[in-house]
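Asks: To start, I am sharing the structure in question, which I have written as C-alpha cells.
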Amino acid sequence: MSDKPQLRHPEKARKPDNPSPRKPDWIRVKAPTSAEAAEVRKLMRDKNLHTVCEEAACPNIGECWKHRHATFMILGDTCTRACAFCNVKTGKPGAVDVTEPENLAESVTSMGLRHVVITSVDRDDLADGGAFQFVACIERVRAASPDCTVEVLTPDFRDKPGAIDAVARARPDVFNHNLETVPRLYPTIRPGARYFESLRLLQRVKEVDGSIFTKSGIMVGLGEDRAEVLQVMDDMRSAGVDFITIGQYLQPTLKHCAVDRFVTPDEFEDYKAVAKAKGFLMVSASPLTRSSHHADRDFAELKAARAKLTSAAE
Ligand code: SF4
C-alpha cells in the first residue's frame, strides 16, 4: 500500500454503504485456488509485477489463472484517476520502474504465453502518460518471445500529445481502449475522462496504422438503457473499432458505485446479435465478459474473421 494520502472520488466518499441488488444465479465466480494460480501469483511477486486481475478484483481470476492467463498492469499499482467502478487504488504513484519491461518480458517467456495483454493505471502525472513504458514493454516482449502476439489496453492519454501515436507505432497486434459506459454516465462513472476523446483515440489508432486491430468495451448494469448502448456501438463502428466487449458491471466494494441492475443473459444475446449486424468483426457479450477474458483465443478468431472478410472482397 502507498503511504501517500489517497484521493477519493466524491461519489465514493458520499456513499459508504451502497449495496447492490443480490447477484443472480448466472453470476458465478471461482476463487483462484488452483496450483497454476499459485504459480502465477508467485511469479508476479518474484518479478515485482502487478496484474489487473488482482488489482481490479476481476471475477474471472480463478478461471484465467488456472490457464496461466493474466493481464499485466504496468506503471505501478496506483492510479491518478478515481473512477467510480474501479477497484484499483487511487493516489500519487511512485517512480516508473525501469526494470519492468524486462521483468514483464521474462515472465511472458517463462509462462509460455502466445498472446499477452498489457494494461496500465492512468498516469496523468507523467509527461507522456506512460506511453514510453508501453512501447518499451512491447519491444521487450517482441525481442524475448517473437511468436507472442501483443495486446495493449491503454488509458486515454488525455492531454498527452503524441502518446497514442507512439504506442500505435510500436505496432501492438491489438490496441484496446475501453469506453467503459455510455456518454451520459461519464460524469458519475468516469469523471476524469471524456467520451469523445476516448472515441477519437480509437479512431486515431486506425489512422496511424490501419492493420492494427482495435477493440473497446463497455460495462452494462450501470443505469444505461438499450438505445444508449446501441448508440455506443454505432460510435465505435464510426471509429473503425473491430471488436466490442460488453460485460456486466459488478461492484468491487461498498465504496464503489452500486449495480443498477443485472442484465439478463437473453439481453446479452440481443446485444451480441445487434453488434454483429452493425459490422463488428468480433463481439463478446455475456455477464462475465471482460476485455481481456479469453484474449488469446479471441485474437485468433479476430484474425480469422478479417481474413474471411478480405477473401470475400477479392
Ligand atoms: S478476464 Fe482479464 S483481468 Fe480478469 S482474470 Fe482474466 S485476464 Fe485477468
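The values are calculated or read from the model by the stated rules, or taken from the named source; none is laboratory data. Nothing here was measured: the structure is a model prediction, and the numbers come from that model. When we count neighbours, we look across all protein chains shown, and the Cβ atoms used for this are built from the backbone with ideal geometry, even at glycine.
Asks: When you check residue 116 against the structure, is it aliphatic (A, V, I, L, M) and assigned to a helix (DSSP H, G or I), yes or no?
Replies: no
Asks: Looking at the stretch 154-181, which of its residues are hydrophobic (A, V, I, L, M, F, W, C), buried (at least 22 other Cβ atoms within 10 Å of the Cβ) and part of a loop (DSSP other than H, G, I, E, B)?
Replies: If the condition is that a residue be hydrophobic (A, V, I, L, M, F, W, C), buried (at least 22 other Cβ atoms within 10 Å of the Cβ) and part of a loop (DSSP other than H, G, I, E, B), then 157, 179 are the ones that fit.
Asks: Might you let me know whether the stretch 93-100 holds any residue that is closer than 18 Å to residue 191 by Cα and among the charged types (D, E, K, R)?
Replies: So far as the stretch 93-100 goes, no, none of its residues is closer than 18 Å to residue 191 by Cα and among the charged types (D, E, K, R).
Asks: Let me ask something else about it. Are any of the residues in the stretch 246-264 hydrophobic (A, V, I, L, M, F, W, C) and outside any loop (DSSP other than H, G, I, E, B)?
Replies: To start, the set of residues in the stretch 246-264 that are hydrophobic (A, V, I, L, M, F, W, C) comprises 246, 250, 254, 257-259, 262-263.
Narrowing the set further to residues that are outside any loop (DSSP other than H, G, I, E, B) leaves 246.
Yes, because at least one residue in the stretch 246-264 is hydrophobic (A, V, I, L, M, F, W, C) and outside any loop (DSSP other than H, G, I, E, B).
Asks: Can I ask one more? Going by the structure shown, is residue 219 among the hydrophobic types (A, V, I, L, M, F, W, C), touching a residue at least 40 places away in the same chain (Cβ under 8 Å) and part of a helix (DSSP H, G or I)?
Replies: no
Asks: So which residues in the stretch 274-314 are more than 16 Å from the ligand (Cβ to nearest atom), within 21 Å of residue 227 (Cβ to Cβ) and not in a loop (DSSP other than H, G, I, E, B), if there are any at all?
Replies: If the condition is that a residue be more than 16 Å from the ligand (Cβ to nearest atom), within 21 Å of residue 227 (Cβ to Cβ) and not in a loop (DSSP other than H, G, I, E, B), then 274, 275, 276, 277, 283 are the ones that fit.
Asks: Only one of these conditions is not met by residue 269: (1) away from the ligand (no atom under 16 Å from the Cβ); (2) surrounded by 14 or more Cβ atoms within 10 Å (Cβ to Cβ); (3) under 25 Å from residue 223 (Cα atoms). Which number is it?
Replies: Single failed check for residue 269: (2).
Asks: Quick one: residue 37 ticks every box in (1) under 24 Å from residue 301 (Cβ atoms); (2) within 12 Å of the ligand (Cβ to nearest atom); (3) in a helix (DSSP H, G or I) bar one, so which box is it?
Replies: It is condition (1) that residue 37 fails.
Asks: Do we find that residue 4 is more than 16 Å from the ligand (Cβ to nearest atom), assigned to a loop (DSSP other than H, G, I, E, B) and either at pLDDT 80 or above or under 17 Å from residue 77 (Cβ atoms) (or both) in this structure?
Replies: On the way: more than 16 Å from the ligand (Cβ to nearest atom): yes; assigned to a loop (DSSP other than H, G, I, E, B): yes; either at pLDDT 80 or above or under 17 Å from residue 77 (Cβ atoms) (or both): yes.
Yes; evaluated as a whole, the condition is true for this residue.
Asks: Being closer than 22 Å to residue 253 by Cα, in contact with a Leu (Cβ under 9 Å, 6 or more places away or on another chain) and within 16 Å of the ligand (Cβ to nearest atom) is the requirement here; does residue 80 meet it?
Replies: Against the criterion (closer than 22 Å to residue 253 by Cα, in contact with a Leu (Cβ under 9 Å, 6 or more places away or on another chain) and within 16 Å of the ligand (Cβ to nearest atom)), residue 80 does not qualify.
Asks: Evaluate the following for residue 255: is it more than 16 Å from the ligand (Cβ to nearest atom), within 30 Å of residue 51 (Cβ to Cβ), within 20 Å of the chain's Cα centre (by Cα) and basic (Lys, Arg)?
Replies: Considered against the rule, which asks whether it is more than 16 Å from the ligand (Cβ to nearest atom), within 30 Å of residue 51 (Cβ to Cβ), within 20 Å of the chain's Cα centre (by Cα) and basic (Lys, Arg), residue 255 comes out as no.
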